[in-house]
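Note sheet for the following structure.
The values are calculated or read from the model by the stated rules, or taken from the named source; none is laboratory data. What you see is a predicted model; the values in this text were computed from it and never measured. Neighbour counts run over all protein chains shown; Cβ positions are idealised from the backbone, glycine included.
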Amino acid sequence: MQRKYINWIFFIAALLLLLLISVVISLSSGEVKISRTELFAVLSDKNSIEYTVLTKIRLPRLILAIAVGGGLSLSGAILQGIYRNPLVEPYTLGISGGAALGVAIAIVFGFHAASFVILPISGFVGAMITLFLVYFLSVKKGGLSVNSMLLIGVMVSFVASAAMMFLMSITTSDNLQSIVFWVMGSLDESNMMLIKIAIYSSLAGLVLTYFFAQPLNALRLGEMRAKHLGINTKVTVKLLFIVASLLTGIAVSVAGVIGFVGLVIPHLIRLIIGNDYRIIIGSSFIGGAIFLILSDTVARTIISPNELPIGVITGFVGGLVFIVVLSRSKSHFKLN
Amino acid sequence: MNHFFKIEDFSCGYPGKFVLEDISFEIEKGDFVGIIGPNGSGKTTLFNGISGELETLSGNSKLKGKFIQQMSLKERAQNVAVVTQNIEVGSMTVEEYVLMGRIPYRRQFQFFETKNDFTIANKYMELTGVTPLKYKYMNALSGGEQQLAGIARALTQEPELLLLDEPTSHLDITHQVQILNLIRRLSNELSLTVLMIIHDLNLAGEYCDSLIMMQNGRMRKKGLPHEVLNYKDIEAVYNTVVITRTNPVSGKPVVFLVSEETFGKGE
């Protein structure tokens, strides 16, 4: 077997091990201390407080962290592949902002009263509209430079947040509170159905993206050259946009705007294992999940009994890691 | 008569801006054909038309009796390989890059390369001499080495027709000659059919079996090097004073430029 494939297997195994460790850490830490060795014992005792804490609070949060972290990270990896630029991700392109606006509109106008499923759907629609908008703005002008594209993303974010502030100022205080809380970003979600939707669609996004592993690899050469290799780039890019919007929109609709996951994790993965999408897709997902599980554990324990918004942690860690990586290895700072 | 590659009344381009018109020529298997012409004469547009990057406006192109326009993207990539002028690939090893040439042969959900893919990639890396660079990163290679890797990748597509867009631009004469010798050899040994855009008229005359001269989106002339490279056509197309002679060793035409100053004295 090729040396490369063996490396991949080791890498995935190491990531899965890390994931397992973070799961154990996350489940065992919090207000109610459960020691790591007791985790399994607790699960068999259905009447204990620990059992309730685990299954009703920590496990749903953990599942949500996997869905949101994996989804955002994967979405970043996809967008970086399409734009051939390591700086794009749902947050920097304004897609998270668009999704948030979509969800805020749904809350303010009370659409979600009909069914809470409206929330993820409006997040998805908001993300997709923003993504296609940014893309067509950059294509229309005939290949925008990296900087102006990111600038468009930032501007879209501003417009979206201005619109959100407008919505917040005209809405009732009840709605206001739920919007504010959700915008700050948190994995605290009590609706089990929403959590299920999040994890299923995240995993579906992962599987769907794998169908595009080869086209994404070909896109590393640029759209024209990918076409020369027989890839239908137009269709590929559109379908991948839909997948990326799905991942981002749903993550935002349940957990609010959590930035930088999609930027930092795929970047680290690329540094370690290379740029082949066959390995990047899966490992970005797992890496994002690990990152968010750990961030969430810190967020809810560091100033216990209070809780930090998780965006604070990801912003700090993500931003710092990125700055360090960027300043250390200029030569690696190239995609494709 | 059935030609290997035939273009008939072909027109493509950007309507309203620049359109190629009335292009007709045929190429036989194993021919090494150069396309010459000044900047903006439509050389690259013609390539983009053949490779399917641009939509055909009228006419058709046939490869081995099959309309290229009717081929699927995949089928087209199995038949026509393109090496672009610049190969911008960052952190990807030469081997990874060359293996990309097998993408057109991959089945829908095939995840890994087959043994055959590696065998073919290795064969062409050997042939183009990039095997020692196999594990180097593309962005660490020199321009000439990148072109060689680009050719190896294109050959790995096992195409019927190879399109090369100025493979020797930005290279010193060592690498220019190295690459053109390689293409010449490939054309002879594998009877590979090659269509190459080239700026250097002397290299074009020395290496190509025949030449196509483009002017303002039309084909001005097609023929053997000594038929095309005559001072009348060159002066008309390039708007430059030249004289042509014959290379005493190869017997191929050579074009000399004449500076304004010398030309004035000669009058």
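Go through the range A:290-309 and count every residue that is within 15 Å of A:SER73 (Cα to Cα) and in contact with a Leu (Cβ under 6 Å, 6 or more places away or on another chain).
Within the range A:290-309, residues that are within 15 Å of A:SER73 (Cα to Cα) and in contact with a Leu (Cβ under 6 Å, 6 or more places away or on another chain) number 1.
Does any residue of the range A:229-238 turn out to be on the phi < 0 side of the Ramachandran plot, part of a helix (DSSP H, G or I), within 14 Å of chain B (Cβ to nearest Cβ) and surrounded by 24 or more Cβ atoms within 10 Å (Cβ to Cβ)?
No, the conditions are met nowhere in the range A:229-238.
Here's the yes/no breakdown for (1) of a type in the set (D, E, K, R); (2) at pLDDT below 85; (3) crowded, with 18+ Cβ neighbours inside 10 Å; (4) part of a helix (DSSP H, G or I):
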position	(1), (2), (3), (4)
A:VAL23	no, no, yes, yes
A:LEU27	no, no, yes, yes
A:LYS33	yes, yes, no, no
A:VAL42	no, yes, yes, yes
A:LEU59	no, no, no, yes
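Kindly establish whether A:GLY274 is within 14 Å of another protein chain (Cβ to nearest Cβ), of a type in the set (Gly, Ala, Ser) and on the phi > 0 side of the Ramachandran plot.
yes
Hey, could you check the range B:44-74 for residues that are buried (at least 21 other Cβ atoms within 10 Å of the Cβ) and more than 14 Å from chain A (Cβ to nearest Cβ) and say which is farthest from B:MET213 (Cα to Cα)?
Of everything passing the filter in the range B:44-74, B:LEU63 is farthest from B:MET213 (Cα to Cα).
Quick check on my filter: what residues within the range B:108-136 are within 12 Å of chain A (Cβ to nearest Cβ) and acidic (Asp, Glu)?
B:GLU113, B:ASP117
Residue by residue through the range B:90-107, note down the ones that are at the interface with chain A (Cβ under 7 Å from one of its Cβ atoms) and outside any helix (DSSP H, G or I).
B:GLY90, B:SER91, B:MET92, B:ARG106, listed by residue number.
Can you name every residue in the range A:129-184 that is modelled with pLDDT under 75, among the hydrophobic types (A, V, I, L, M, F, W, C) and out of contact with any Ser or Thr (no Cβ under 8 Å at 6 or more places or on another chain)?
A:VAL139, A:VAL146, A:PHE181
Could you go through the range B:164-174 and let me know if any residue there is buried (at least 17 other Cβ atoms within 10 Å of the Cβ), within 28 Å of B:LEU73 (Cβ to Cβ) and among the small types (Gly, Ala, Ser).
Among the residues of the range B:164-174, not one is buried (at least 17 other Cβ atoms within 10 Å of the Cβ), within 28 Å of B:LEU73 (Cβ to Cβ) and among the small types (Gly, Ala, Ser), which makes the answer no.
If A:ILE279 satisfies all but one of (1) among the β-branched types (Val, Ile, Thr); (2) touching a residue at least 60 places away in the same chain (Cβ under 8 Å); (3) away from chain B (no Cβ under 14 Å), what's the number of the condition it fails?
For A:ILE279, the exception is condition (3).
Of all residues in the range B:236-267, which are over 17 Å from B:CYS208 (Cβ atoms) and of a type in the set (Gly, Ala, Ser)?
Selection gives B:ALA236, B:SER259, B:GLY264, B:GLY266.
Can you list the helices (runs of 4 or more DSSP H) found entirely within the range A:153-225 that contain at least 2 residues being within 14 Å of chain B (Cβ to nearest Cβ) and crowded, with 21+ Cβ neighbours inside 10 Å?
Those helices (runs of 4 or more DSSP H) span A:213-219.
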